[in-house]
Amino acid sequence: MHFFTTDTPFALELGDSLPQLTIAYHTYGTLSPERDNVIWVCHALTANSDVADWWPHTVEKGAFLDPERYFVVCANILGSHYGTTGPLTPDPVSGEALYGDFPAITIGDMARAHSLLADALGIKRIHKLVGSSVGGFQAMEWAAQEPARFENLVLIATAAKASPWAIAVDETQRMAIKSDATYGEKRPDAAAAGLAAARAIGMLTYRGPEGYNRTQQDPPEGAAQHRAVTYQQHQGNKLCRRYNAYSYVTILDAFDTHDIGRGRGGLQAVFNTLTMPVTVVGITTDIIFTPAEMRLLASRLPNAKYYEIDSPMGHDGFLVEHVQLNRILTQQ
């Protein structure tokens, strides 16, 4: 892991600012002398900058993030738990973390942080910008901010604007977190029970009915506790061991601000500026970003092609169906 820090204030879209900004990031492979082999990956909600860790069989020889061919970069997003400035980062003046007082951020702020890092790394042009889920939000916003920087765009299970359905899911998770009486306490493990419940809610939308019915059936002889019950508990507790409620709420709030057409004349006006080749990938059983929505997105972009992953695993299909995904993206 590498770190980039700027001591100059980082202005935020909603009016506040950060006195300084640290960005954690990973790189894989070697930057070519011409600096023309960069693939930049934008990660999703609770992932980190180590793409090889959370996206199995993509950062390897022959895969679409082949480090022998490309210089792959992934930056941890603003507000996250994994090294970039966020709610648990000590304030440079007081030395205390802000926790729930961390300022509100947007997807636009995340994209501008990526741009800052790219400039610091001397990367003027990016061969391919890849984003899935909330990572796709960042990719579309960054492309809207700087369309000339990107030669190709890959959008997987994502959207150009947060839908009412997705916002409602986020609010349900926030309600779970904030119902925990410890939410607001200035400690890293505050609202752990609420965070576990929020993660369990999120898992329902990530996997959907087909995913659960395929993987969480009880054994024929029965069980003392349903597998679906222990799975939900396990997923909630697992997240609590590696994440915090304040970053989770911060990013959910930013998620809900996502609209690349805001302040730019609407979605179609922005789509018309994204003339680079775009690969749009949907997942057959995704209930967050449905195939119909993904096909519509592709139809509205001037130079897009649509592909679909056939998977029973819902939205998480982009994480588990690496064979299909590599087959699609190594052709681009």
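The values are calculated or read from the model by the stated rules, or taken from the named source; none is laboratory data. Predicted model, so just to flag it, every value in this text is computed and none were measured. Heads up, the Cβs are rebuilt from the backbone with ideal geometry, glycines too, and the neighbour counts pull from every protein chain shown. When the accessible area is computed, the model is the full protein with side chains, heavy atoms only, and any ligands, DNA or RNA have been set aside. Shrake-Rupley method; radii C 1.70, N 1.55, O 1.52, S 1.80 Å.
Running a GNM on the chain with Cα contacts under 10 Å, which residue among Thr215, Thr257, Thr58 ends up with the highest mean-square fluctuation?
Maximum fluctuation in the GNM of the chain, among the listed residues, is at Thr215.
With +1 on each Lys and Arg Cβ and -1 on each Asp and Glu Cβ, and nothing else charged, work out how big the dipole of segment 106-254 is about its Cα centre, in Debye to the nearest 20.
280 debye
Report the charge-dipole magnitude of the chain in Debye, nearest 20, computed about the Cα centre from +1 at each Lys and Arg Cβ and -1 at each Asp and Glu Cβ.
440 debye
Rolling a 1.4 angstrom probe over the protein chains, ignoring ligands and nucleic acids, what is the accessible area of Met1 in square angstrom, nearest 10?
So the heavy atoms of Met1 present about 120 Å² to solvent.
Within the accessible area of segment 198-249, what % is carbon and sulfur when the probe is 1.4 Å and the other protein chains stay in place?
Result for segment 198-249: 52 percent of the exposed heavy-atom area is carbon or sulfur.
Treat every Asp and Glu Cβ in segment 178-257 as -1 and every Lys and Arg Cβ as +1, leave all other atoms uncharged, and give the resulting dipole magnitude about the Cα centre to the nearest 20 debye.
The calculation lands at about 240 debye.
For the chain, build the charge dipole from Cβ charges (+1 Lys, Arg; -1 Asp, Glu) around the Cα centre, then report which of Ala111, Val93, Leu65 sits farthest towards its positive end.
Leu65
Give the ranking of His57, His226 by solvent-accessible surface, highest area first, calculated with a 1.4 Å probe.
Putting His57, His226 in descending order of accessible area: His226, His57.
For Leu65, Leu88, give me the order by solvent-accessible area with a 1.4 Å probe, most accessible first, ignoring ligands, DNA and RNA.
Leu88, Leu65
Going by accessible area, probe 1.4 Å, with all protein chains left in place, what is the ranking of Glu96, Glu221, largest first?
In descending accessible area the options line up as Glu221, Glu96.
Restricting to bridges with both residues inside segment 1-110, how much of the DSSP beta-bridge set is antiparallel, in percent to the nearest 5?
In segment 1-110, approximately 75 percent of DSSP beta bridges are antiparallel ones.
Which one, Asn37, Ala228, Ala144, projects farthest toward the positive side of the charge dipole computed for the chain from Cβ point charges (K/R +1, D/E -1)?
It is Asn37.
Just how much of Ser179 is accessible, in Å², when a 1.4 Å probe is used and the result is rounded to the nearest 10?
90 Å²
May I ask you to give the solvent-accessible area per residue for segment 69-115, in square angstrom, as obtained with a 1.4 angstrom probe?
32 Å²
Round to a whole number: what % of the accessible area of segment 33-91 belongs to carbon and sulfur, probe 1.4 Å?
Carbon with sulfur: 47 percent of the solvent-accessible area.
With all protein chains present, calculate the accessible area of His2 using a 1.4 Å probe and round the result to the nearest 10 Å².
Ignoring ligands and nucleic acids, His2 comes out at about 90 Å².
Farthest toward the dipole's positive end in the chain, which of Gly282, Ile123, Pro56, given Cβ charges of +1 (Lys, Arg) and -1 (Asp, Glu) about the Cα centre?
Comparing the listed Cα positions along the dipole, Gly282 ranks first.
Which shape class, rounded, prolate or oblate, goes with segment 230-332 when its Cα gyration tensor gives a ≥ b ≥ c as root eigenvalues, a/c under 1.5 marks rounded, and past that a/b bigger than b/c marks prolate?
Oblate, since a/c reaches 1.5 and b/c is not below a/b.
Please find, in a Gaussian network model of the chain (springs between Cα atoms separated by less than 10 Å), the residue of Ile123, Ile39, Ile309 whose mean-square fluctuation is greatest.
Ile123
Gap in Å between the Cα centre of segment 119-147 and the Cα centre of segment 172-202?
Using only Cα atoms to place each centre, the spacing works out to 31 Å.
Write down the accessible area per residue of segment 243-326 in Å², having rolled a 1.4 Å probe over the full set of protein chains.
35 Å²
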